[in-house]
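Structure first, commentary second.
The values are calculated or read from the model by the stated rules, or taken from the named source; none is laboratory data. Quantities reported herein were computed from a predicted structural model and do not represent experimental measurements. No Cβ is skipped: glycine too gets one built from the backbone with ideal geometry, and neighbour counts run over all protein chains shown.
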Amino acid sequence: MPSALQAPLGFATRYAGLFRVQMRMAMLAAMQYRVDFIVRGLIAFLWSALTLIPLLVVFGVRQQVAGWSFAEALVVVAWFMLLRAVLEGAVSPSLTAVVEHVRKGTLDFVLLKPADAQFLVSTAKFEPWRVVDIGGALILFGYAFGMMHRLPSIAQVVTGLVFLALAVLILYSIWILVVSAAFWVVKVDNLSYLFGSLFDVGRWPIDVLRGVWGGTLRLVFTFVFPVALMTTYPALALLGRLDAKTAALALGGGILFAVIARRVWRRALAMYTSASS
Amino acid sequence: MNAADDAVPPLPGAAVEIARVVRAFPTLLRIGVAEVVAYRAEFLVWILTTNMPLVMLALWHAVAADGPVGRFDQTQFTAYYLGVLAVRLATSNWMAWQMSMEIRDGTLSTKLLRPIHPLFGYAADHLSAIPMRVLVVSPIVVALFVTSWSRLLRHDAHLTLILIASLVGAWLLVFFSMVLLGSIAFFVDSAMGPFELWIGVHAIFSGYLIPLEILGRVRVLADVLPFRFMLAFPVETLVGLLSPGDALRQLAAQWLYVILTGWLSLRVWRAGVRRYSAFGG
C-alpha cells in the first residue's frame, strides 16, 4: 500500500477503535445505575408523550395550520423527536461535561491524551435510554404516513437521511460553539437550557412563524439558529416538497457551520489556561 | 434508627430564630443583588430561556387568523401570552437545579453551618433577583398595557388585590416545589431526571404552553393539579378571564396548595438533611 494512503487509513482505524472503546465505557457507566436507567427511560417516554399534547390541541381546533395538515406536522414532530434523542443522548451529555472540565481545570487530563481533544470530549458520554425517543419517532413516522395513505419514495427517504446527517452535524456544531463559550465566560452551565429551549421551536413547522415581524423570526430560525434545517426541511424532503436548489443550499450552509465550529473550538482551546494558572 | 434520631434537634426558640432571620435578611438580599449583577450573563441566559410563550403566541396567531378559538381571538391570545411571560419571569425559580448541584458537590455543608436556615438563604437569593426581574418584565408589562388595556383586571379593584395575593402565592408555591424537587438529590444521585419531568408536566398543566381553557380533555386534570396555581391563575386574573367570585375561590385553593406544599417540602428537606449529615461531609 502506498504510504500516502496508509496514513489517513491508519488514522481512521485508530479513531474507529477509540470510538468503540469510548462507547463501551459510556455504556458501562450508564448501565451501572440500573434503577436510574429505568427511571430515565420512563421519563424519556413521558416527555415524548408531552411533546404531542400542544400539537393535538392545535389540530383539534383546525384542519390546517400555516399550510400544514396534522399528518404533515406529525412528520416534523417525528424528526424533532429523533433529533432530540440524538441531542440529549449523544451530544449534550459529553459536551456538558466539557464545561465542567473547563471550570474545574480537569480538561488538562483530556488534553494530555495523544488524540484529538474535540473527538475525545465529544464521545465521552452517552445516555442509552434515549433510544426510547428514537422508537417513538419511528412510530410517529409510520402513523403519519399511514394517515396520508402513502409511503415516501426511495429517493425521498434517501434525501431525508442525508438531511438527518446534516441536522446532526449542525446540532453538534452549534453545541461545540456553545461549549467554546465556556472558555471565555466559564459559567455557562445554563446555556444548555437556552439551547434546549430554542431547539424546542423545531417541533413546529417553521411556517407558523411566517407572520411574526414580517418573517424575521423565520429567517433567524433558518439561518442564525437553523432549527428549520433540522426539522422542517427534512420533513419537507420526506414529503417530497423540497426543491433541489433549496436542498443544495441547505447542505452547503450546514457544512459551513461545521467548519466554523471547528475553527472556533481550536481558537477557544488556545485560550484555555488550565487549573494552575 | 432509634427514637433520639427522630426527635427534632432543640430549637433556640422560635422568637430568637425569627429575630435572627429578620436581622440577617437585608444583608442576604444585598449579597443576592450583588451576585445577580456579578453573574448578569448567567441571569440573562435564564431569562432568555423563557421564550416559548412567544413561539406559542405566533402559532396561535396563525391559528386564530380565521376565527377565534373558544373565548380566545388574536388579541386575547396576545394578552394571555404577554401575561404568561410577565408572571413567569416574575415568579419562576430554578432552585432545584442549584440545590441538586450543591447537595452533590457538598457546597451545602457551608450553608448548613451558618446560623440561619439554608432555606432562608435560598429564598433571599431568589427574592433579591426580583429588582433585576422587574427591569426585564417592565417592557412586557408596557406592551401588555398598550395592547390589552381594556381587558386588564376588568378594571376591578377586588381583582387587583386578588392578583397581588395570587402572585405571592404563586411565588411561594414554585419556591416550595423547588425545595421538594431539590431535596430529592439527598436521596438519589441526581435530581435532574425528576426536575426535567417536572418542567415538562408544568409546561402543559400550568397553562405555560396553552391556555387551559382550550386544552380540551386534559383540562379536568389541569384544574385539580397544583400547576395552574403557579401560573395560569394569576395570568387569567390579570387578563380578565376570571370573574371576581371565581378568582376568590381559586385564591383559596391556591393558598391551600401553598400550605400543603410548604409543609411537605419542609418535612422532606429535614429528612434529607439528616441523611446528608450521615455522609459526613
Selection status of B:Val174, within 14 Å of chain A (Cβ to nearest Cβ) and of a type in the set (Val, Ile, Thr): no
Could you grab me the full set of residues in region B:73-94 that are of a type in the set (A, V, I, L, M, F, W, C) and either crowded, with 21+ Cβ neighbours inside 10 Å or facing another protein chain (nearest Cβ under 10 Å) (or both)? B:Phe77, B:Ala79, B:Leu82, B:Val84, B:Leu85, B:Ala86, B:Val87, B:Trp94
Which members of region A:56-70 meet the condition of being more than 10 Å from every other protein chain (Cβ to nearest Cβ) and closer than 27 Å to B:Leu197 by Cα? A:Phe70
Cβ contacts < 7 Å: first residue at the interface with chain B (Cβ under 9 Å from one of its Cβ atoms) and of a type in the set (Asp, Glu), restricted to region A:195-210; second residue buried (at least 20 other Cβ atoms within 10 Å of the Cβ) and assigned to a helix (DSSP H, G or I), any location; separation 6+ or different chain. Result? A:Asp200/B:Met52
Among the residues of region A:101-119, which ones are touching a helix residue (DSSP H, G or I) at 6+ places or on another chain (Cβ under 9 Å) and surrounded by fewer than 17 Cβ atoms within 10 Å (Cβ to Cβ)? A:Arg103, A:Thr106, A:Asp108, A:Phe109, A:Val110, A:Leu111, A:Lys113, A:Ala115, A:Asp116, A:Phe119
Just checking, which of A:Ala26, A:Ala85, A:Ala78, A:Ala90 is buried (at least 17 other Cβ atoms within 10 Å of the Cβ), away from chain B (no Cβ under 12 Å) and in contact with a Leu (Cβ under 6 Å, 6 or more places away or on another chain)? A:Ala78
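Please work out if A:Val86 is at pLDDT below 80, part of a helix (DSSP H, G or I) and either out of contact with any helix residue (DSSP H, G or I) (no Cβ under 6 Å at 6 or more places or on another chain) or under 30 Å from A:Met148 (Cβ atoms) (or both).
no
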Number of positions in region B:211-253 that are of a type outside the set (Lys, Arg), part of a helix (DSSP H, G or I) and under 15 Å from the mean Cα position of the chain (by Cα): 8
Is it true that B:Tyr208 is under 28 Å from B:Ala86 (Cβ atoms) and either among the aromatic types (Phe, Trp, Tyr) or part of a helix (DSSP H, G or I) (or both)? yes
Which condition from (1) more than 9 Å from chain B (Cβ to nearest Cβ); (2) under 24 Å from the mean Cα position of the chain (by Cα) is the one that A:Leu46 breaks? (1)
Among residues of region B:213-260, those that are within 14 Å of another protein chain (Cβ to nearest Cβ), buried (at least 22 other Cβ atoms within 10 Å of the Cβ) and farther than 13 Å from B:Thr91 by Cβ, counted: 1
Identify, by number, the condition in (1) over 25 Å from B:Pro131 (Cα atoms); (2) charged (D, E, K, R); (3) at pLDDT below 80 that B:Arg40 doesn't meet. (1)
Only one of these is surrounded by fewer than 16 Cβ atoms within 10 Å (Cβ to Cβ) and within 11 Å of another protein chain (Cβ to nearest Cβ): B:Leu57, B:Leu44. Name it. B:Leu44
Enumeration of residues in region B:53-90 that are within 14 Å of B:Val141 (Cα to Cα) and in contact with a strand residue (DSSP E or B) (Cβ under 8 Å, 6 or more places away or on another chain): B:Tyr80
Could we say that A:Ala16 is modelled with pLDDT of 80 or more and either in contact with a strand residue (DSSP E or B) (Cβ under 7 Å, 6 or more places away or on another chain) or buried (at least 17 other Cβ atoms within 10 Å of the Cβ) (or both) here? no
